Amino acid sequence: MRATRDAAIVVIAALAVLVAVVAYRAGDAAVSSVADKDTLVIGVEDDKPGLGTRTPAGTFTGFEVDVATYVAGRLGVSEGALRFVAIHPGDWERALRRGEVDLVFAGYPITPQLADRVTVAGPYYVAHQSILVRADDKSIQNVRDLRGKRLCQVAGTRAADHIIEDLDVAAVPVPAPSYADCAQRLAGKDLDAVSADDLILAGIAATVSDSAVVIVNAPFTDERYGVGLQKGDIRGCAAVNRAITEMYQSGAANTMLTQGFGSPGLSRVTGTAPSFEGCA
Amino acid sequence: MARRLFRLRTVPGRVRMLTACALLAVGGLISVTAVGLWQARDGLRTLGTADGRTVIAGAGLYGALTDMDLQVTNVLLTGQEAGWLCEPEAADQDQAAPADETGQAPQDDAACDRAPARVLYEIRRETAQQAALAAARLADGDPVRLGTVRAVLDGLHQYDQRVRAAMELGQQAEHPLGMPPAAAVARYRFATALMTEELLPGAYNLTLDGQASVHAAYEDRRAAARAGMVQAVVAGGLAIAILAGLQIYLGFRFRRVLNPALAVATLGVLALTLTSGVLLSAEARDMRVAKVGFDQALALSRAQSIGTSMDADRGRFLLDPGNADRYDQLYLDKAQSILYLPVTKLAAYHALLGGRLDRYGDDSRVADFGGFYGAEARTVADRANGAQAAREPFAALLSRYGRYQRTDRQVRELAAAGRRTDAAIAHMDPDDPTLAHRDLRAYNDGLSTLITHHQYLTDRTVQDAQRAMTAWTWLLPAAFLVIAALIVAGVGPRLKEYR
């Protein structure tokens with residue numbers, strides 16, 4: 001009889017534990033979120049002066065690094081617990097999927113296709129495609145004036161194609177390996193214009209001596225730089241958006257831009273964050 | 001006391017112990033069901049009445065602002081500045097005294113007709129202010145969100161002033177339709193920068209925040225309701241097992257084949273368990289239906305505002321040719337977010353759109369476009385299950401969107417040919433040049449109908465589900481009392497034998 005009784009108690013206890021476990025599991029979230037992490041691996045660019053470059057010491061510097069550090073700070077991750085890695089446009093969806101990086105701040109414009117494949121927070125900045133010319137060249141006032149001009153075309157980017165194909169402006173494309181190279185050739189009069197997002201132009205303009213080049217203040221696109229997160233991390237996305245809102249409200253965004261670029265020709269930054277993509 | 005009651009070495013002690021366990025398990029079943037139902041009810045309330053409504057109202061902020069932007073752009077484009085600046089109330093007051101003396105209203109030059117666009121602007125401004133207050137309420141003390149609300153409210157005041165400055169400069173110089181003076185355009189740009197870079201993003205993000213709050217509450221409540229379902233089944237199973245054990249033990253000890261009261265109680269628990277499971281899963285399903293409807297209504301109202309803003313971008317394209325390429329690009333970006341096609345040029349978008357829409361018209365399973373309407377097409381297909389009638393309203397909306405884009409093509413062709421005045425006339429309504437184009441209005445009306453339809457479905461789902469639940473507030477305790485009474489009735493006489 002004692003054995004029966006003990007067995008009954010064990011069965012009841014086991015069932016009670018089962019109830020508790022089921023109740024607990026049912027309330028548990030499935031996706032791990034960047035909002036809960038103590039350390040973060042962040043993908044940034046390493047070849048865009050002013051935006052993201054690698055220093056000789058191997059660390060990363062630039063506007064995107066600053067923004068990422070600010071946002072991570074708001075997520076409760078201190079600078080010491082951050083690790084930056086270089087990431088290239090073709091790789092970062094895969095890197096996010098494999099969990100090699102937690103967040104990506106890499107000058108990537110938000111597109112409808114992108115939003116289907118990863119969760120996108122931000123934009124943290126709305127860049128505008130602009131034109132960089134020699135300071136003494138007054139013949140180029142807006143994108144239409146590029147007709148017949150020699151325009152730098154960097155391998156793997158669409159900026160020059162956008163002007164020539166989408167806007168039907170018959171500029172003469174001149175291939176170049178990088179934007180830094182474009183800037184040098186522009187100053188050396190081997191080219192008439194370089195077109196890219198304003199932050200990229202401001203960054204490379206700073207690499208050319210004696211303000212020999214200027215940005216034409218006639219932006220003609222809106223490029224919304226998004227933050228990549230693992231697909232489904234809605235909570236993390238909301239937390240990042242909140243951090244970006246604070247970054248604009250507090251004036252930190254403005255400070256970062258002024259310190260990083262300080263170049264005339266950049267659009268004014270307001271105290272309101274750009275329209276977010278939404279964390280669906 | 002407990003020790004005496006449950007002296008497990010004695011037969012009555014064991015019977016009492018099992019009875020208490022059975023009662024506890026039944027009580028557990030009732031409690032988890034009640035909690036699950038309460039959670040579901042709260043989730044439905046959030047979607048149908050409380051926060052859901054506020055979020056929809058908050059979305060009105062974005063809609064109102066885009067409308068204000070459009071009115072201002074069109075007035076400047078069509079040279080109605082004088083009507084815009086007209087203050088009839090002020091004029092009435094000035095003339096009040098002389099009118100009394102002569103008994104007739106003086107025919108004064110000061111009397112003016114306020115432009116309909118200005119009247120609409122004032123109405124929408126009031127909506128914007130109300131909606132900002134709704135957003136503030138929803139922010140629930142969150143300083144970051146309140147900061148955004150404050151920025152929007154402050155910006156609204158500043159926007160009024162900048163618009164006024166542009167209108168005054170536009171009024172000073174006679175200008176042909178579609179070609180306001182450069183100084184007025186410069187002022188207008190200043191006002192537009194405030195609208196498009198601060199007011200609209202702030203309003204848009206507030207709507208997103210509100211939607212995120214509702215989404216989080218929904219996920220939470222729905223998970224709770226589903227967990228309640230599992231818990232109810234486990235608790236019910238446990239109660240049945242204990243009652244069966246009690247039945248067997250009594251049969252073995254007292255040499256009876258069946259204890260009728262206990263058997264009925266067991267059947268009662270079984271029925272209650274099944275009912276709880278079915279009820280809670282139905283509630284979880286209703287919540288999902290209501291949430292889908294809520295999301296659709298919100299997405300479409302966002303699409304509506306983006307469409308209005310797109311029309312304003314076309315107005316800017318005509319008004320400010322110096323920045324035409326940028327406004328063109330913004331127009332395309334907005335069209336792409338409403339209905340995405342894999343192109344990078346507006347001309348290509350126009351060229352591709354007709355064919356894609358016709359294909360959808362022929363066969364609703366083929367929705368080869370993305371954006372808000374791609375998502376809506378998928379939801380419609382899910383819900384319609386192949387039924388032609390269910391997708392009719394959405395197909396009609398798409399054809400109105402197609403018509404709007406065809407008009408856009410004509411406007412741009414006129415502009416490209418250098419006929420700026422004709423392009424400005426084509427941008428406005430052909431019957432009444434003070435109104436936005438009738439294709440835009442027809443398209444917006446179609447959207448409004450669909451939004452109202454989704455909201456109605458959500459509200460009805462919520463109300464039906466809530467009505468289905470009301471009876472359970474007394475059914476659950478009653479069921480507990482009946483089952484408990486049956487158990488006690490089944491066990492009591494056996495225990496008496498030991499007195």
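The values are calculated or read from the model by the stated rules, or taken from the named source; none is laboratory data. Bear in mind that the values here come from a model prediction, so they are computed numbers and not experimental data. We place every Cβ from the backbone using ideal geometry, glycine too, and count neighbours over all the protein chains shown.
Taking the stretch B:303-341 as the search range and keeping residues that are more than 8 Å from chain A (Cβ to nearest Cβ) and not in a helix (DSSP H, G or I), which one is nearest to the chain's Cα centre (by Cα)? Selected residue: B:Leu339. Residues of the stretch B:344-400 that are modelled with pLDDT under 90, crowded, with 19+ Cβ neighbours inside 10 Å and more than 20 Å from B:Arg302 (Cβ to Cβ): B:Tyr360, B:Ser364, B:Arg391. Being surrounded by fewer than 19 Cβ atoms within 10 Å (Cβ to Cβ), assigned to a helix (DSSP H, G or I) and among the polar types (S, T, N, Q), is that true of even one residue in the stretch B:211-225? Looking through the stretch B:211-225, none of the residues is surrounded by fewer than 19 Cβ atoms within 10 Å (Cβ to Cβ), assigned to a helix (DSSP H, G or I) and among the polar types (S, T, N, Q). Criterion first (modelled with pLDDT of 90 or more and either more than 19 Å from the chain's Cα centre (by Cα) or away from chain B (no Cβ under 13 Å) (or both)) does A:Gln259 satisfy it? So A:Gln259 does not fit the description; no.
B:Tyr498 passes every criterion in (1) loosely packed, with under 15 Cβ neighbours inside 10 Å; (2) touching a Phe, Trp or Tyr at 6+ places or on another chain (Cβ under 9 Å); (3) not small (Gly, Ala, Ser) apart from (2). Could we say that A:Thr157 is surrounded by 16 or more Cβ atoms within 10 Å (Cβ to Cβ), modelled with pLDDT under 90 and β-branched (Val, Ile, Thr) here? In short, yes. Here A:Glu246 fulfils each of the conditions (1) within 12 Å of chain B (Cβ to nearest Cβ); (2) buried (at least 20 other Cβ atoms within 10 Å of the Cβ); (3) within 17 Å of A:Ala121 (Cβ to Cβ) apart from (2).
Results for (1) at pLDDT below 90; (2) more than 11 Å from chain A (Cβ to nearest Cβ); (3) in contact with a Gly (Cβ under 6 Å, 6 or more places away or on another chain), shown as yes or no for each residue.
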{"residue": "B:Gly13", "(1), (2), (3)": "yes, no, no"}
{"residue": "B:Ile30", "(1), (2), (3)": "no, yes, no"}
{"residue": "B:Trp38", "(1), (2), (3)": "no, yes, no"}
{"residue": "B:Leu47", "(1), (2), (3)": "yes, yes, no"}
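Taking the criterion of being within 29 Å of the chain's Cα centre (by Cα) and small (Gly, Ala, Ser), the residues of the stretch B:124-176 that qualify are B:Ala128, B:Ala131, B:Ala132, B:Ala134, B:Ala135, B:Ala136, B:Ala139, B:Gly141, B:Gly147, B:Ala151, B:Gly155. When the stretch B:342-360 is filtered for residues that are touching a helix residue (DSSP H, G or I) at 6+ places or on another chain (Cβ under 7 Å), within 10 Å of chain A (Cβ to nearest Cβ) and part of a helix (DSSP H, G or I), only B:Leu346 remains. Candidates are the residues of the stretch A:123-152 that are within 11 Å of chain B (Cβ to nearest Cβ) and not hydrophobic (A, V, I, L, M, F, W, C); the one that is surrounded by the fewest Cβ atoms within 10 Å (Cβ to Cβ) is A:Gln141. The residue that is farthest from the other protein chains (Cβ to nearest Cβ), counting only those in the stretch B:230-265 that are assigned to a helix (DSSP H, G or I) and polar (S, T, N, Q), is B:Gln247. Of all residues in the stretch B:164-193, those satisfying the criterion of being under 14 Å from B:Arg316 (Cβ atoms) and of a type in the set (A, V, I, L, M) are B:Ala166, B:Met179, B:Ala184, B:Val185, B:Ala186, B:Ala191, B:Ala193. Filtering the stretch A:71-82 for residues that are touching a Leu at 6+ places or on another chain (Cβ under 8 Å), surrounded by fewer than 18 Cβ atoms within 10 Å (Cβ to Cβ) and over 30 Å from A:Ile215 (Cα atoms) leaves a non-empty set.
Within the stretch B:198-219, residues that are within 7 Å of another protein chain (Cβ to nearest Cβ) sit with their Cβ atoms under 9 Å from residues that are among the aliphatic types (A, V, I, L, M) and not in a helix (DSSP H, G or I), at 6+ positions apart or across chains, in these pairs: B:Pro201/A:Val126; B:Pro201/A:Ala273; B:Gly202/A:Ala273; B:Asn205/A:Ala273. Of the residues making up the stretch A:95-108, one or more are touching a strand residue (DSSP E or B) at 6+ places or on another chain (Cβ under 9 Å) and either within 14 Å of chain B (Cβ to nearest Cβ) or of a type in the set (Ser, Thr, Tyr) (or both).
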